[in-house]
Amino acid sequence: MLASRALSFLGKRAISTSVCVRAHGHGVAKTEDFSLASYVDRRDIPLPEVAYARSLSSEQKALKEKEKASWSALSLDEKIELYRIKFCDTYAEMNKGSSEWKTVIGGALFLIGFTGFIVIWQKLYVFGPVPHTFSEEWVAMQTKRTLDMRMNPIEGFAAKWDYDKNEWKK
């Protein structure tokens with residue numbers, strides 16, 4: 001009943017999928033044909049299968065026609081523009097380091113610091129006082145009791161105690 005009231009309140013038009021299709025229109029989404037070769041800038045593949053610029057402007061087309069003649073007639077800027085039509089980055093640009101390591105180190109140090117605050121908070125508010133069994137006197141008494149009972153005398157704790165001299169074996 002509630003669903004039918006909600007649908008009547010919204011109306012049939014609100015849940016129609018044709019509204020979404022018409023809203024996006026035609027040609028908005030760019031489709032990629034993955035069966036064709038794609039451009040990749042990598043140091044180990046110096047010559048990609050396709051050029052970086054897939055569609056050329058009129059100036060670039062004129063420059064490509066000028067390229068077919070003597071290269072001595074081309075200026076330095078034209079040579080660079082021809083290079084940029086074929087390749088996106090130079091080797092120097094590919095080998096240039098990034099500042100990403102600073103972000104990684106900063107994130108790691110932040111997490112270590114946050115973990116430190118959690119440990120301090122737990123020590124102050126979560127954990128109780130240290131049990132009395134951790135005191136040195138208690139450990140000494142427990143060790144003496146274990147030795148007096150001669151627990152595990154072959155390979156264990158008591159095997160390392162010399163009962164004649166009352167000291168640890170060397």
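A short reminder: the numbers here are calculations on the coordinates, not readings from a lab. Note that the structure is a prediction, hence the values are computed from the model and not measured. Backbone-built Cβ (ideal geometry, glycine too); neighbour counts: all protein chains shown.
What spacing in nm lies between the two simple spin-label points modelled at A62 and Y39, each 7 Å away from Cα in the Cβ direction?
2.2
Translational diffusion coefficient, Stokes-Einstein: compute it for region 19-170 using the Kirkwood radius over C-alpha pairs as Rh, at 10 °C and 1.306 mPa s, and state it as an integer in µm² s⁻¹.
63
At R0 = 30 Å, how high is the FRET efficiency between S75 and W101 if r is their beta carbon distance? Nearest 0.05 is fine.
Using R0 = 30 Å, I get an efficiency of 0.15.
Put +1 on the Cβ of every Lys and Arg and -1 on every Asp and Glu Cβ in region 56-121; which of L63, W101, F117 then has its Cα farthest towards the positive end of the dipole?
Towards the positive end, the residue furthest out is L63.
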